[in-house]
1. State all residues of the range 124-156 that are touching an Asp or Glu at 6+ places or on another chain (Cβ under 9 Å) and not in a helix (DSSP H, G or I); if no residue qualifies, say none.
2. State all residues of the range 1-27 that are of a type outside the set (S, T, N, Q), at pLDDT 95 or above and within 16 Å of the ligand (Cβ to nearest atom); if no residue qualifies, say none.
3. If I ask for residues that are touching a Lys or Arg at 6+ places or on another chain (Cβ under 7 Å) and within 16 Å of the ligand (Cβ to nearest atom), which ones from the range 317-339 would you list?
4. Here is a list of conditions, (1) in contact with a strand residue (DSSP E or B) (Cβ under 8 Å, 6 or more places away or on another chain); (2) within 16 Å of the ligand (Cβ to nearest atom), and Glu163 meets all of them except one; can you say which number that is?
5. Please go through the range 41-59 and give me each residue that is within 12 Å of the ligand (Cβ to nearest atom), among the basic types (Lys, Arg) and either out of contact with any helix residue (DSSP H, G or I) (no Cβ under 9 Å at 6 or more places or on another chain) or more than 12 Å from His29 (Cβ to Cβ) (or both), ordered by number.
6. Specify which of the listed residues (Gly270, Gly232, Gly278) is without any contact (Cβ under 8 Å) to a residue 40 or more places away in the chain, buried (at least 17 other Cβ atoms within 10 Å of the Cβ) and at positive phi.
7. Scan the range 28-37 and tell me whether some residue there is under 21 Å from the mean Cα position of the chain (by Cα), within 16 Å of the ligand (Cβ to nearest atom), small (Gly, Ala, Ser) and surrounded by 17 or more Cβ atoms within 10 Å (Cβ to Cβ).
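The values are calculated or read from the model by the stated rules, or taken from the named source; none is laboratory data. Small disclaimer: the values here were computed from a predicted structure and weren't measured. Because the Cβ atoms are built from the backbone with ideal geometry, glycine has one as well, and the counts that use them run over all protein chains shown.
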Amino acid sequence: MSCPAVTAYATAPFRPRPIVSIGAGGIVHDAHLPAYRKAGFTVAGIYDLDRDKAGALARQFGIPRVYASLAEAAAEAPAEAVFDIAVPAAALAEIVAALPEGRAVLLQKPLGESREEAERLVALCHQKHLRAAVNFQLRHAPNMLAARALLAGGALGDLHAMEARVNVYMPWHLWSFLLPHPRVEILYHSIHYLDLFRSFLGEPRSVYAKTTRHPAAAEMSPTRSAIILDYGDDVFAVITASHGNRSGRAQQESFIRWEGTRGMMVAQMGVNLNYPAGEPDTLAYCTLDNGAPSWRTVALAGNWFPDAFIGSMASVMRWADDSSQPAPTAVEDACRTMALVEAAYASSAAGGRHV
Ligand SMILES: NC(=O)c1ccc[n+]([C@@H]2O[C@H](COP(=O)([O-])OP(=O)(O)OC[C@H]3O[C@@H](n4cnc5c(N)ncnc54)[C@H](O)[C@@H]3O)[C@@H](O)[C@H]2O)c1
């Protein structure tokens with residue numbers, strides 16, 4: 001398979017722009033604002049339907065302005081600001097519609113609740129001349145950037161297998177909007193892996209999937225999934241994600257594994273192991289060139305949470321300055337990840353071949 005371009009993944013903007021946050025929920029508290037503080041980005045203002053939540057985050061992170069309404073945020077945001085939208089997907093269209101034309105925007109995943117909604121959102125972004133990207137920040141995690149560089153440098157030879165394995169306890173109750181939602185696991189979690197696989201392997205020919213409920217979350221839509229991406233007969237590409245494992249750390253796992261003709265690489269995604277506090281991310285690789293496999297650990301400059309969130313915002317800031325450098329997860333690209341989500345749900349509903 002072809003190696004991905006490492007340079008597409010900005011870790012810093014040409015020049016930082018102010019940020020206006022729309023949404024003051026868990027992910028803004030846990031990752032967006034800590035990342036921006038670490039990067040030295042200025043958050044100029046914040047708005048949430050729940051004004052108390054916006055006020056609390058403003059106090060905690062020293063944000064000077066709490067907007068009273070979406071219209072006020074849209075009208076009074078600094079001219080160069082990036083709108084950083086982190087709300088449930090169902091609210092995206094209404095918010096994008098209210099933004100001023102021609103602005104830079106970062107939207108939390110998923111891009112709507114279906115492929116159809118994603119396509120409508122892309123059309124809306126075009127109509128408003130927005131430079132809009134989706135916050136698929138896993139691509140920017142330090143271990144994923146290092147993995148991309150190793151592959152591009154040829155350390156593993158030709159890539160022929162990629163596997164995501166997540167078997168953890170996920171505290172779904174943190175997202176009250178998900179509890180009644182008809183689509184949970186693939187749309188809100190495995191979507192990160194579908195997007196990551198596309199970024200390493202390109203577009204698959206087709207998708208096989210089954211998504212099922214877990215008894216510990218029986219009131220919810222399915223929270224565990226097995227997904228096979230079909231890249232032909234010579235590539236193994238599999239995602240399994242199951243979120244009800246309360247057996248303790250020893251039997252929980254959260255990693256991506258790549259296999260090439262000359263070596264293997266494994267990246268732990270620590271945040272899933274104790275969400276959202278997490279454990280550290282890791283990356284180790286082995287080469288098979290000289291007889292016995294020899295494993296090395298790669299020193300990393302941070303973790304998925306919060307460091308990857310610097311990169312996704314930096315890539316939008318760069319795009320805002322230079323139209324020839326669209327963010328790698330621009331809405332048009334994100335729409336293709338949404339197509340995989342839709343295909344996975346369709347495959348699960350259609351069922352397998354009868355025996
Ligand atoms: N790694 C990741 O990329 C990651 C992780 C967690 C959540 N998320 C995404 O971030 C989004 C928000 O998740 P969360 O964990 O913060 O959820 P949350 O429930 O903690 O917060 C959502 C916030 O959005 C606000 N809100 C809802 N509708 C709004 C509207 N129309 N205008 C303004 N505010 C509105 C709510 O009042 C709430 O404060 C979700 O789409 C989720 O998929 C992404």
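1. Across the range 124-156, the qualifying residues are Lys128, His129, Leu130, Ala133, Val134, Asn135, Phe136, Ala141, Leu156.
2. Once the filter is applied, which keeps residues that are of a type outside the set (S, T, N, Q), at pLDDT 95 or above and within 16 Å of the ligand (Cβ to nearest atom), the range 1-27 yields Ile19, Val20, Ile22, Gly23, Ala24, Gly25, Gly26, Ile27.
3. Pro328, Thr329, Thr337, Met338 - these are the residues of the range 317-339 that are touching a Lys or Arg at 6+ places or on another chain (Cβ under 7 Å) and within 16 Å of the ligand (Cβ to nearest atom).
4. Here Glu163 clears every test but (2).
5. Arg51
6. Gly278
7. Yes: one or more hits.
Every residue, every condition in (1) surrounded by 19 or more Cβ atoms within 10 Å (Cβ to Cβ); (2) within 16 Å of the ligand (Cβ to nearest atom); (3) farther than 29 Å from Asp281 by Cβ; (4) charged (D, E, K, R), yes or no:
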{"site": "Leu111", "(1), (2), (3), (4)": "yes, yes, no, no"}
{"site": "Arg120", "(1), (2), (3), (4)": "no, no, yes, yes"}
{"site": "Asn135", "(1), (2), (3), (4)": "yes, yes, no, no"}
{"site": "Pro142", "(1), (2), (3), (4)": "yes, yes, no, no"}
{"site": "Ala149", "(1), (2), (3), (4)": "no, no, no, no"}
{"site": "Gly153", "(1), (2), (3), (4)": "no, no, no, no"}
{"site": "Leu159", "(1), (2), (3), (4)": "yes, no, no, no"}
{"site": "Ser176", "(1), (2), (3), (4)": "no, yes, no, no"}
